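What follows is one structure encoded as structure tokens, with my remarks underneath.
The values are calculated or read from the model by the stated rules, or taken from the named source; none is laboratory data. Remember, predicted model here, so these are calculated numbers, not experimental data. In this analysis, Cβ positions are derived from the backbone assuming ideal geometry, glycine residues included, and neighbour counts consider all displayed protein chains.
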Amino acid sequence: MTAFATLMCDDASTLPAMVLVTSLLQSGTSAQIVVMLSPAVSMEVKGVVDRILPGQVAAMRTNTVPYPFKVRQAEVDRGVKRSCRYTKLRAWSLVSFDRVILLDSDILVLGSLDSLFTKASRTAAVADIYPRVFNAGLIVLAPDSGVHKRLVTAAGATFSYNEGDQGFLNSYFEA
């Protein structure tokens, strides 16, 4: 069984996540769509999400993976939200699925992505503009509780060139 997954960090991420889900549904996918909700998403918003999502889409609560770096107040003041970013690592815990395509909620899907489910490697990602770096906004993965545990454990001890999930994942998978 296959799934697309995305993360809602807080109530403000509702609109981008719903646009992503709508664009996935319009692409004609038959895969399940999982919206992971961090604890910062209010019960009110979870209720709205549950009411508007069709049966092909499941909203599920997930625990936050702690952000391992100091959050700077200047970034918070500018609207930069880093504290939830590592929570996307929870996608590796979705072991009821054989393959998951993890998408950042700011992606607009314009066509079918279903062919990505058949990629042979255990983890694949989109190349970034820099040749040795992949973009963590789209990752094809095979959920594995062992990998999930190792990722979460390594999150606080592994170098991240940008103090974000992308830098961490590039270091972890040695892109």
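Filter region 89-112 down to the residues that are part of a helix (DSSP H, G or I) and in contact with a helix residue (DSSP H, G or I) (Cβ under 6 Å, 6 or more places away or on another chain) and list them by number. Can you show your working first?
Step one: of region 89-112, the residues part of a helix (DSSP H, G or I) are 89-93.
Leu89, Trp92, Ser93, listed by residue number.
Filter region 1-51 down to residues that are among the polar types (S, T, N, Q) and within 12 Å of the chain's Cα centre (by Cα) and give me whichever is modelled with the highest pLDDT. Let's see the steps before the verdict.
First, pick out the residues of region 1-51 that are among the polar types (S, T, N, Q): 2, 6, 13-14, 22-23, 26-27, 29-30, 32, 38, 42.
Next cut, within 12 Å of the chain's Cα centre (by Cα) only: 6, 38.
On the way: Thr6: 97, Ser38: 93.
The qualifying residue modelled with the highest pLDDT is Thr6.
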Extreme residue, farthest from Ile107 (Cα to Cα), among residues of region 131-173 that are crowded, with 16+ Cβ neighbours inside 10 Å and among the polar types (S, T, N, Q): Ser160
Region 2-29 - residue that is under 19 Å from Leu141 (Cβ atoms) and polar (S, T, N, Q) and, of those, surrounded by the most Cβ atoms within 10 Å (Cβ to Cβ): Thr6
Candidates Tyr86, Tyr67, filtered to the one that is in a helix (DSSP H, G or I) and either surrounded by fewer than 12 Cβ atoms within 10 Å (Cβ to Cβ) or at pLDDT 75 or above (or both): Tyr86
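Just checking, how many residues over region 148-175 are in a loop (DSSP other than H, G, I, E, B) and of a type in the set (S, T, N, Q)? Before you say what the answer is, go through the steps one by one.
Just the residues of region 148-175 that are in a loop (DSSP other than H, G, I, E, B), to begin with: 155-164, 173-175.
Okay, now just the ones that are also of a type in the set (S, T, N, Q), so 158, 160, 162.
Total meeting the criteria: 3.
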Lone unmet requirement of (1) at pLDDT 80 or above; (2) under 20 Å from Asp165 (Cβ atoms) for Asp98: (2)
